[in-house]
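The values are calculated or read from the model by the stated rules, or taken from the named source; none is laboratory data. Just so we're clear, the structure is a prediction, and the values are computed from it rather than from any experiment. Note that each Cβ is placed from the backbone with ideal geometry, even for glycine, and that neighbours are counted across all protein chains shown.
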Amino acid sequence: MALESLGNDVRGARLRRGIAVADLAVRAGTSPSTIARLKKGDPGVGIGVLAGILVVLGLVERLADLVDIRKDDLGLALASEQLPRRGRTYAAKLRKQIARAPEERVGQKDIVDPDGAAF
């Protein structure tokens, strides 16, 4: 259904610009039958063909809107669930470094200093 809608939108854009199917196909580097398959929503039409058609129609920037992660409500919700509930305080980070076994700290020169400087 979404592919058919996409095909119809491409058809509408082509008609508004007064471009014949044969001309669009030549300029996009494909065949008129591929343009027809796109209009019918054939999932076998490659994204490269669609990109070529959008270039001809002057709509190539719309290709980025297909999977815009800023508009991915489910993905954003899942990512926010994975955020930590609370952040680590500076004191907790310092206690963790001090509690580490001395043999783990051998050769490590970066230790958090209570004054806020690293050495």
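Give the residues of segment 1-15 that are under 25 Å from the mean Cα position of the chain (by Cα) and farther than 12 Å from Ile53 by Cβ, sorted by residue number. Those that are under 25 Å from the mean Cα position of the chain (by Cα) and farther than 12 Å from Ile53 by Cβ: Met1, Ala2, Leu3, Glu4, Ser5, Asn8.
Scanning segment 38-93 for residues that are small (Gly, Ala, Ser) and either within 17 Å of Asn8 (Cβ to Cβ) or outside any helix (DSSP H, G or I) (or both) returns Gly41, Gly44, Gly46, Gly58, Gly87. Cβ-Cβ contacts under 9 Å between residues 6 or more apart (or on different chains), taken from a first residue in segment 45-67 that is at positive phi to a second residue that is charged (D, E, K, R), are listed as Gly58/Arg17. Restricting attention to segment 16-25 and to residues that are in a helix (DSSP H, G or I) and within 30 Å of the chain's Cα centre (by Cα), the residue that is nearest to Gly44 (Cα to Cα) turns out to be Ala25. Every test in (1) of a type in the set (D, E, K, R); (2) under 20 Å from the mean Cα position of the chain (by Cα); (3) at pLDDT 95 or above is passed by Glu61 save one, and that test is (3). Residues in segment 17-44 that are over 21 Å from Glu4 (Cβ atoms) and touching a residue at least 24 places away in the same chain (Cβ under 8 Å): Arg27 only. Here Arg16, Arg11, Arg37 are screened, and the one residue that is at negative phi, basic (Lys, Arg) and loosely packed, with under 14 Cβ neighbours inside 10 Å is Arg16.
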